Every structure is written in C-alpha cells, then in structure tokens.
1. In the stretch A:40-96, which residues are in contact with a Ser or Thr (Cβ under 7 Å, 6 or more places away or on another chain), at pLDDT 95 or above, farther than 18 Å from A:Pro112 by Cα and assigned to a helix (DSSP H, G or I)?
2. Quick one: is A:Asp244 among the acidic types (Asp, Glu) and surrounded by fewer than 18 Cβ atoms within 10 Å (Cβ to Cβ)?
3. Restricting attention to the stretch A:251-260, which residues are in contact with a Pro (Cβ under 9 Å, 6 or more places away or on another chain) and either under 17 Å from A:Arg210 (Cα atoms) or crowded, with 17+ Cβ neighbours inside 10 Å (or both)?
4. Mind listing whichever residues of the stretch A:224-281 are of a type in the set (S, T, N, Q) and either at the interface with chain B (Cβ under 7 Å from one of its Cβ atoms) or under 23 Å from A:Val81 (Cα atoms) (or both)?
5. When the residues of the stretch B:155-214 are filtered to those that are of a type in the set (Lys, Arg) and part of a loop (DSSP other than H, G, I, E, B), which remaining residue is farthest from A:Glu265 (Cα to Cα)?
6. Residues of the stretch B:90-124 being part of a strand (DSSP E or B) and facing chain A (nearest Cβ under 10 Å), which ones?
7. With respect to A:Ile180, is the statement that it is more than 30 Å from B:Leu121 (Cα to Cα) and in contact (Cβ under 8 Å) with a residue 40 or more places away in the chain true?
8. Let me spell it out: the conditions are (1) more than 7 Å from every other protein chain (Cβ to nearest Cβ); (2) touching a residue at least 12 places away in the same chain (Cβ under 8 Å); (3) closer than 24 Å to A:Ile54 by Cα, and A:Tyr188 meets all of them except one. Which number is the exception?
Amino acid sequence: MKNRIAAVMLLTAMLCAPAAQALKLDDLNVDKLKEVKGKLKTLQEPSEADEIEIGRGVAANLLGAAPPVNDPALQAYVNRVGQWVAMHTDRPDLPWHFAVLDTDGVNAFATPGGYVFITRGMLLRMRDEAELAGVLAHEVSHVVEKHALKTMRKGKLAGLAGDALSSYAEKKGKADLTKIVSAGTELYARGLDKEDEFAADRAGVVIATRAGYDPYGLPSVLQTLASINPKEDAVALMFKTHPDSGKRLELVSNSMEGRLDKFIENPRVKSRFDSIMKSHIASYKPVKTN
Amino acid sequence: MKQWITLVSLAGLAVLATACGEKTDTTGKTGTGATESRAVETAPATRNAGTAAKEPATASGTGTAVQETGATRVAVTLMTTPHSDAKPSGQLAANTSVNILERRGGWLRISAKGASGWAKLHQVRVGEGPQATKSGEGLAILKNVGETGRSGSTGIVATTGIRGLSAEQLTNAKPDPAAVKAIERYRVTAAQAREYAKAAGLKEASVAALPKPE
C-alpha cells in the first residue's frame, strides 16, 4: 500500500511539473508500474446485488448526516414521481427508493443501486412537479450510468475504493464493504466528474420528457440555483460538488434547442405539487438530531 | 510486455492529469465559498431582501398565483414570440428588474419599463418560487450581475444564515440503518406510479438522447 501511494505521488508530481519533464519515462520505477498494471487488471465490475448492497450502506451514512423528513405523505409523493421517472430508463427494475432529507441545504444525491435523495431545502425552491421530476431524473441517470461506481473505480478515489471493490466482488468480505461504503460516502462530499454532471443534465431532461413532463423542469431548477447567492451556506456543498449552475443551464439549453419543442405543452403538474407542499409546510416539524 | 507497461502508465498519467486539473479548480472554488459565507453571517432582516421584491407584485398576478419577479442577467433583446428567429420587440439592459408573466419551454415572457416580450431562461435571474416564500425559508437572491459572491466589488452581499448540509457532516456521519429501513417502506410499485402519472395526464413518449454539445 505504501509503495502504491509513493508511485501515485511520483506520477502526480511529474504531471504537475512542466510537460517536458513529465515525459521522462525512463526515470520511472518499472516495478511500481507493474504494480499499477496488476491493479488495473483486477478491477472488476460489481454485480447488481453488490451495487445495491454498497448503495444501501452509503444511503445509511447519508441518512446519518440528515434524517428523512417525518412526513409520510410527502415521502410517498416523491416515491410515486420518482418511480415513474425511473421506469423510463434502461434500469426500470432496480429497487428504486426515494426520500426527502430533513435539511435546509439545497441538494440531491443518488447512491448506487437506486437510493435517491432530495433535500427539503431543494424541494421548497421548486415550482411544480415537472421541476421535481427533472431533478429526480438527473439523479436517476447517475444511478443508471453508474457514475458513482465509475468514479470510485477510476477516479480520485480509486486508491481508497478500487482495490476493495474488486476484492469485494470476489470474496464478499465485510471489511472491504466497509471500506467501499466509507469511500463512497466521501464521494458525496467531493462530487462526481463535471462531465458526468453535464451528461446527467441531458439525460435527466430526456428521461423526464419520456415520462410525459414538460422538458424544461430541470432547466427551470438550474435557473433558480443560478439565481441564489453563492455565499449562502445552504448551497455551499451543492455548488462545491457541481459545475456552475448558469453554465449547466446554458449547456443543457443548447443541447435541447429545437429538439424537444413538441413537448413543451406537456404538463408541469402544478396543482398537485402545490397542494402536497402546502400540507407539508403547514404540518412541518423538524426531526430532532443529536 | 514492455508495451503493456507503457500503455498502462500512459492511461494512469491521463487519469492523474484529470485529477490534478480538477483539484486546482475545486480548491479555488471552495476557498472563496467557505471563507466568505462565514464572513457575512447575517441578520434575519436580510432574508426578506430576496423575497420582499416578489410581494408587491402579488396583487397584479392572475388568479391565486404569486407573480414572480426577476432581473436580467445580461442585456436582452426581447422577442415577440418564444422563438430564436422571432421579431425583436424591445431591448432591456443588464440588471433590469422584470415581472415574469409566463413560462413556456425554455422561454419567459417578461415585462419591464413599458417593454415586454420573450427572453430565454438563462438571460434572467428569478426568485425561488412561491413555496420558499410561503415557508418563510427563502434564501438571498442575486439581483445584480456584480453580486457573484466572488468579490467584494459591489460591497457585502448579505445571506440569510440558513445552514446547509456540510461536507464534514457527510464524511463524519454515523450510519443510520434504521432510517434506511424506514424510507424503504415508502417504496411504490410500478402500477401505483403508473396510476398516479395517469391522474396528472402524463403521457409517455419516445424521446431520443440529446447530443453532447461541441
């Protein structure tokens, strides 16, 4: 393990140095490269059952940080909308679960295997069900495309989770699972690749439109986010872990231009959303946390 | 064998290059966000700054809907219809306060200073929608382009002091498996979801994936 860290640090140091120096490959320790090669070779794709087990563990951590809102009607509502959205993806049969987290933070998360979370702070800033469906569709697409797992295997977290992932796929060791779940949770504090976020915006729009909603639900939410003062603590984590909302809005709008016009008369479903939110706001009691 | 190693090392280098680049980027952003938001921790009065602007417009709104207001993010050429090739119907300077009359696809019908017409979503800053106002938990909304929160060029931009979920809270969270069981009880079946969609008049459609922009 120490050797590997050394190898990674060496590579990183060379990379961050000017290009001319970074290409002096003969300076590299061949033994260490062999080790890197071996590691890449053993990385295995987790099975769907593994994926759900990992996602369930990460979900337990996220729920440990922010409890679910104590409002069964609201939770049931978000599950109906989310399930419908998820049925319009390539993985309709995953055991999808949706929940509203009791925090004023404005954010949404999805863990592998189909656990999707939206914060109460984000829900309060929406205008209609099409906006909710758009955000859930963005999250659902992260799950369908396995963006989190991909980042754990290939990206910045590979050193932490990559080995454990392949070892878990083979041996189902409890220690490996703990390691993966902990690295997986870390991912929500760091964020996914920017390109994956842009891809999830495009996919989210398409999924929500397939489900029958006005395609502009997600872009409307991005417009709202782009209008919030970035100094607000409530948006700090979301803004840290995602590309600029204005940029996201511009990119997704450009991709949509002229392609989805025949769907813009699709329902926004405002009255149902308003009535659920009205009851929620009237009866809201924050969950006590320690 | 040697070729394999070179290949692998090049792949590794590419991944690390990305890591390097991103690291710089994130650090820059975090630095600004974290330090400044603490520096401008605020009085509840400022909370109203974002929402107050919406209230006077309420009376002129149609029906029970709360009329939204906003401000142009850039100089906007208003269009007579919601289409890029429509005829222009007016011009608004950046940072003009506007009333939002209607939403249609990627367009907003807005009016200000005697002019009205259609502008694109990304040309306008908006409020947070009526629910945030009703719950009394509105956040501060940017009104001016200068208020990016990244520099002090327009003076202090006040925030509401509403706390979000932090990276530390996530990283240090103790797992709550009971809460997972609790939320799993809310799962609905495909049939329930379908019925609920039907009640709202949602019609499934076949839609091709969107292209990645150039």
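1. A:Ala73
2. In short, yes.
3. Matches in the stretch A:251-260: A:Leu251, A:Val252, A:Ser253, A:Ser255, A:Met256, A:Arg259, A:Leu260.
4. Taking the stretch A:224-281 first, the residues of a type in the set (S, T, N, Q) are A:224, A:227, A:229, A:241, A:245, A:253-255, A:266, A:271, A:275, A:279.
Passing the criteria: A:Thr224, A:Ser227, A:Asn229, A:Ser253, A:Asn254, A:Ser255, A:Asn266, A:Ser271, A:Ser275, A:Ser279.
5. Initially, the stretch B:155-214 is screened for residues of a type in the set (Lys, Arg), giving B:163, B:174, B:181, B:185, B:187, B:194, B:198, B:203, B:212.
The next check asks that each one be part of a loop (DSSP other than H, G, I, E, B); those that pass are B:163, B:174, B:185, B:187, B:203, B:212.
Numbers: B:Arg163: 37, B:Lys174: 45, B:Arg185: 35, B:Arg187: 30, B:Lys203: 11, B:Lys212: 25 Å.
Among them, the one singled out is B:Lys174.
6. Pass one, the stretch B:90-124, residues part of a strand (DSSP E or B): B:90-92, B:97-104, B:107-112, B:115-120, B:124.
Of everything in the stretch B:90-124, those that are part of a strand (DSSP E or B) and facing chain A (nearest Cβ under 10 Å) turn out to be B:Arg103, B:Arg104, B:Trp107, B:Leu108, B:Lys120, B:Val124.
7. On the way: more than 30 Å from B:Leu121 (Cα to Cα): yes; in contact (Cβ under 8 Å) with a residue 40 or more places away in the chain: yes.
The answer is yes for A:Ile180.
8. With (1) more than 7 Å from every other protein chain (Cβ to nearest Cβ); (2) touching a residue at least 12 places away in the same chain (Cβ under 8 Å); (3) closer than 24 Å to A:Ile54 by Cα applied to A:Tyr188, the lone miss is (1).
The values are calculated or read from the model by the stated rules, or taken from the named source; none is laboratory data. Just so you know, these numbers come straight off a predicted model, no measurement behind them. Cβ coordinates were reconstructed from backbone atoms using ideal geometry, including for glycine residues, and neighbour counts include every protein chain displayed.
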